[in-house]
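A.B. asks: Let me begin by handing over the structure; questions about it come next.
Every number here is computed from the coordinates shown, using simple stated rules; none is lab data. Predicted, not measured: the structure shown is a model, and the values here were computed from it. Don't worry about glycine lacking a Cβ; one is built from the backbone with ideal geometry, like all the others, and counts go over all protein chains shown.
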Amino acid sequence: MTLRRVLTLLLVLAAGAHVSAAPAQTDHTAFALLHAAAEAPLHVSFVAQVELLTIGSHGSDASIFRVEHRAPNLTRRWYLAPSNVYGDWTVSRGDSTYAVDVKHHRVVVTRHDAFGVHFGWRHNLALLTRNYAPILGPDAQIAGRRARTISLVNRYSGATTMRLWVDAATGLMLQRQVYATDGSLVVQMHFAELRITNDIPISTFSLPANYAQTIGPSRSLPSNNPARAMAESGFAARAPRFLPEGFTPVAADVGDEKGIRTLHILYSDGLRTISLFENARGAAVDMSGYHPVALTVGPLHVESVDRGPTTLFAWSQGNLHYALVGDLNREDLEKIALSLAQ
Amino acid sequence: MTNEHIDSSTLIDYLHHELAPGQDVLVHAHLTACTECAGAYEAEARLTEALRAEARAAERELPLRVENHILTGIAGRPIPAWFQRLHILVRPAIGLPAAAVLVLALALGFASLGSHTQHAPTIAAAYYLDAHAALSNRSLPFAQTSVVPAALDNGTTNAGNASAAIAANTIASE
C-alpha cells in the first residue's frame with residue numbers, strides 16, 4: 001500500500017467519523033437558547049396570532065387563533081378557524097383549562113390538560129438533550145422579528161426531527177416544525193403576528209356570565225413513577241420488550257374510563273411520544289367516526305386509525321386489552337405491539 | 001362571591017387545583033374582577049413557586065436506568081403455577097368468604113337473567129387519542145399537536161356532571 005493510498009484512506013476515515021459524530025456534539029449556544037425558550041413564557045407576556053397545522057397521510061387539520069399570554073401562566077386563545085370553533089375561546093391557568101363554547105353557552109372545565117403556552121416543557125429537557133443534539137442554523141425573520149434557528153438532530157439516526165425558530169430578543173418560540181422519519185413535515189406552529197406587552201388586563205381572562213359549567217374529560221394527575229403506576233394498576237400489566245432507541249417511560253396514570261380501570265404509560269425520547277393503555281376488562285375500542293383498518297401483526301389482530309400524524313393501534317391478547325398511540329412510523333408501532341405479545 | 005373577599009385557605013386550594021370544578025370557576029371569576037384578591041393570589045403564587053424551586057433544587061430523581069430495571073423486573077416476574085394459586089384460594093380465610101360471594105353473585109345473576117342484555121363496555125378511540133395528547137403536552141417539550149381542545153372540538157363532556165350556571169354577578173366589576 002503506497003503512502004498516498006494510506007493518507008487517502010485516513011482522510012476518508014476521518015471524514016466518515018466527522019459525519020457520524022457531528023449529530024452527537026452539543027452546540028452550547030443552541031443548548032442555552034433552548035433553555036431560554038423553555039423559560040420565556042414564564043416571564044414574557046404577549047399578544048399573537050398563531051397558525052397550527054398537523055399533516056397526516058389520511059388527512060390534515062389546521063387552526064388559527066389569537067393568543068393573549070400574561071406571564072407566567074394565564075393564557076387566552078380565541079379561535080378564528082376552523083369554522084366549528086369560530087368565536088370559541090379557552091382560558092388556561094397552568095394545567096387547568098376553561099373552554100368557552102359560545103354556541104352551546106357553556107364553559108367546559110378540564111383539569112390536567114394544559115392548553116396554555118408551551119406549559120410544562122421545562123421538566124424533560126434533560127431527556128431531550130440526551131437523545132437530540134441542538135444545532136444552530138441561520139437566522140430568519142418570523143412575524144417581523146429576528147429569529148434564531150435550532151435543529152434538533154436525533155443522536156441515533158442523525159435525522160432532524162424538529163426545527164425551532166426562537167425570538168432573538170425574548171427567547172419566545174415563534175415557529176416550530178416537526179418532521180416524520182422520512183423527512184416530511186407533519187406539524188407546523190407559526191406566529192403570524194406578535195406584540196410583546198406587559199399591559200394585558202386581568203379581565204381579559206374572565207369567563208362569561210350565565211354560561212352552564214360542565215366538567216370536561218377527566219384526567220388524573222399523572223405520576224412520574226411509571227413502575228409504581230404499573231404495580232398499582234390492579235392487574236398483571238405488561239411492558240414492551242422493544243422500544244425505539246432513546247425511548248424511556250416518563251409518566252403514567254391509572255384512570256377509570258366508564259368504570260374500566262386503565263393503565264396509561266407514556267414513553268418518550270424527549271420529542272416523540274408513545275402511549276400504551278392497558279385494561280383487564282377486555283373493553284373494546286369504539287372507532288365510530290374514524291376509518292379503522294384491520295391489520296395482522298404476527299399473531300395479533302390489530303385495528304388501526306389515524307388522526308393527523310398520530311396513529312392508534314388497538315388489540316386484545318389473553319385477558320388484556322391494549323391501545324397503543326403514537327406519532328412513530330407504523331413499522332416501529334408494530335414492533336412494539338409484537339414485543340408485548342412475546 | 002363577588003362582594004366577599006376570598007379567604008386564604010380557599011385561595012391556597014385554588015392555587016393547588018384542590019377545589020371542586022364549580023368552586024374553582026367561581027374563584028377564577030372573582031379573581032379577574034377583584035384586584036385585592038388577585039394581589040393576595042399573586043403573593044401566594046410567588047411563595048408556592050419559591051417553595052417549589054427550593055424543593056426542585058434539593059430533589060434527587062431515581063436514575064432512568066434504575067426505573068427501567070424496575071419496569072423490566074415487573075414485566076418479567078414469575079407467575080405462580082396453577083396449583084400454587086389454587087392452594088392459596090382454598091385456604092379457609094379466603095375460600096369461605098369467596099364461596100359466599102360466589103353463591104350470592106350466582107343468585108343475583110340468575111335473577112337478572114332475561115330481564116335485560118348487558119353489552120360489553122367500549123371506550124372511544126378519541127379518549128385514547130386525547131389522553132395521549134394531554135399527557136404528552138404536560139410532560140414534554142414541544143409536544144402539543146392538538147389543533148383545537150377536545151372540549152370544543154367534539155364537545156366531550158361527562159354526562160350528568162353539568163352543574164349550575166355561573167352566577168351573573170360573579171364576574172361583575174367590584
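A.B. asks: Take the alpha carbon atoms of the stretch B:9-31, find their center, do the same for the stretch A:231-248, and report the distance between the two centers in whole angstrom.
C.D. replies: If you average the Cα positions of each part, the centres end up 36 Å apart.
A.B. asks: Set the Förster radius R0 to 22 Å, insert the Cβ-Cβ distance between A:GLN188 and A:ASN224 as r into 1/(1 + (r/R0)^6), and round the FRET efficiency to 0.05. Could the numbers behind the result be given before it?
C.D. replies: On the way: r = 30 Å, r/R0 = 1.35.
E(calc), rounded to 0.05, equals 0.15.
A.B. asks: What's the exposure ranking of A:SER275, A:SER60, A:SER184, going from fewest to most Cβ atoms within 10 Å? Working shown, then result.
C.D. replies: On the way: A:SER275 25, A:SER60 13, A:SER184 10.
The fewest-first ordering by Cβ neighbours comes to A:SER184, A:SER60, A:SER275.
A.B. asks: Taking each residue in A:32-39, count the Cβ atoms of any other chain within 10 Å of its Cβ, then average. What number comes out? Show your work: numbers first, answer last.
C.D. replies: Numbers: counts 0, 0, 1, 0, 0, 2, 2, 0.
Partner-chain Cβ atoms within 10 Å, mean over residues of A:32-39: 1.
A.B. asks: Rounded, prolate or oblate, given the Cα gyration tensor of chain A, with a/c below 1.5 counting as rounded?
C.D. replies: Details: a/c = 1.99, a/b = 1.10, b/c = 1.81.
In terms of gyration-tensor shape, oblate.
A.B. asks: Given axes a ≥ b ≥ c from the Cα gyration tensor, I'd like to know whether the stretch A:226-341 is rounded (a/c under 1.5), prolate (a/b larger than b/c) or oblate. Kindly include the intermediate steps, with their values, before the conclusion.
C.D. replies: Working: a/c = 1.41, a/b = 1.07, b/c = 1.31.
Rounded, since a/c falls under 1.5.
A.B. asks: So what is the orientation-averaged projected area of the stretch A:120-246, using the convex hull of its C-alpha atoms, in nm²?
C.D. replies: That works out to 13.0 nm², a quarter of the Cα hull's surface.
A.B. asks: If you take each beta carbon of peptide A:202-209 and count the beta carbons of other chains within 10 angstrom, what is the mean?
C.D. replies: Values: counts 8, 4, 1, 4, 10, 8, 4, 9.
Other-chain Cβ atoms within 10 Å of each residue's Cβ, averaged: 6.
A.B. asks: Pulled fully out, how much extra length does the chain show between A:ASP139 and A:GLN342, if you take 0.36 nm times their separation in residues and subtract their Cα-Cα distance? Could the numbers behind the result be given before it?
C.D. replies: Working: separation 203, 0.36 × 203 = 73.08 nm, distance 4.89 nm.
Working it through step by step, the gained length comes to 68.2 nm.
A.B. asks: Also, quick follow-up: Using amide H atoms built 1.01 Å from N in the peptide plane, name the residues 5+ places from A:ARG281, or on other chains, whose amide H lies under 5 Å from its own.
C.D. replies: Correct list: A:HIS321.
A.B. asks: Of the DSSP beta bridges with both residues in chain A, give the percent that are antiparallel, rounding to the nearest 5. Could you put the intermediate results ahead of the total?
C.D. replies: Working: 108 of 112 bridges.
In chain A, DSSP labels about 95 percent of beta bridges as antiparallel.
A.B. asks: Among A:SER45, A:GLN188, A:ILE55, which residue has its Cα positioned farthest towards the positive end of the charge dipole of the stretch A:22-215, with +1 placed on the Cβ of Lys and Arg, -1 on the Cβ of Asp and Glu, and the dipole taken about the Cα centre?
C.D. replies: A:SER45
A.B. asks: On to the next question. Using alpha carbon centroids, what distance separates the stretch A:127-168 and the stretch A:37-105, in Å?
C.D. replies: Answer, in whole Å: 23.
A.B. asks: Oh, and also: Please tell me the relative contact order of chain A in percent, rounded to the nearest whole number, where contacts are Cα pairs under 8 Å and at least six residues apart. Let's see the in-between values first.
C.D. replies: Numbers: 734 pairs, mean separation 48.8, N = 342.
After rounding, I find 14 percent.
A.B. asks: Please arrange A:ILE274, A:ILE135, B:ILE12 by counting, for each residue, the other beta carbons lying within 10 Å of its beta carbon, fewest first. Let's see the in-between values first.
C.D. replies: Values: A:ILE274 25, A:ILE135 20, B:ILE12 15.
If I rank by nearby Cβ atoms, fewest first, I get B:ILE12, A:ILE135, A:ILE274.
A.B. asks: Please state the shape class of the stretch A:22-215: rounded when a/c is under 1.5, otherwise prolate if a/b exceeds b/c and oblate if not, all from the C-alpha gyration tensor. Walk me through the intermediate numbers first.
C.D. replies: Working: a/c = 2.02, a/b = 1.65, b/c = 1.22.
Prolate, since a/c reaches 1.5 and a/b exceeds b/c.
A.B. asks: Between A:THR273 and residues 5 or more places away or on another chain, which pairs have amide H atoms under 5 Å apart, with H built 1.01 Å from N, and which residues are they?
C.D. replies: A:ASP327
A.B. asks: So if I restrict to the alpha-carbon atoms in the stretch A:302-342, what is the Rg, and what is Dmax, the biggest pairwise distance, in Å?
C.D. replies: Rg, Dmax (Cα atoms, Å): 10.0, 31.
A.B. asks: Starting with the fewest neighbours, write out A:ILE336, A:ILE260, A:ILE215 ranked by other beta-carbon atoms found within 10 Å of each beta-carbon. Let's see the in-between values first.
C.D. replies: Numbers: A:ILE336 23, A:ILE260 16, A:ILE215 19.
Least to most surrounded, the residues fall as A:ILE260, A:ILE215, A:ILE336.
A.B. asks: Within a Cβ distance under 12 Å of A:PRO134, other residues only, what is the Lys/Arg minus Asp/Glu net charge? Each step should come with its number before you reach the end.
C.D. replies: Working: positive: A:ARG130, A:ARG148, A:ARG155, A:ARG163; negative: A:ASP27.
Charge balance in the 12 Å sphere: +3.
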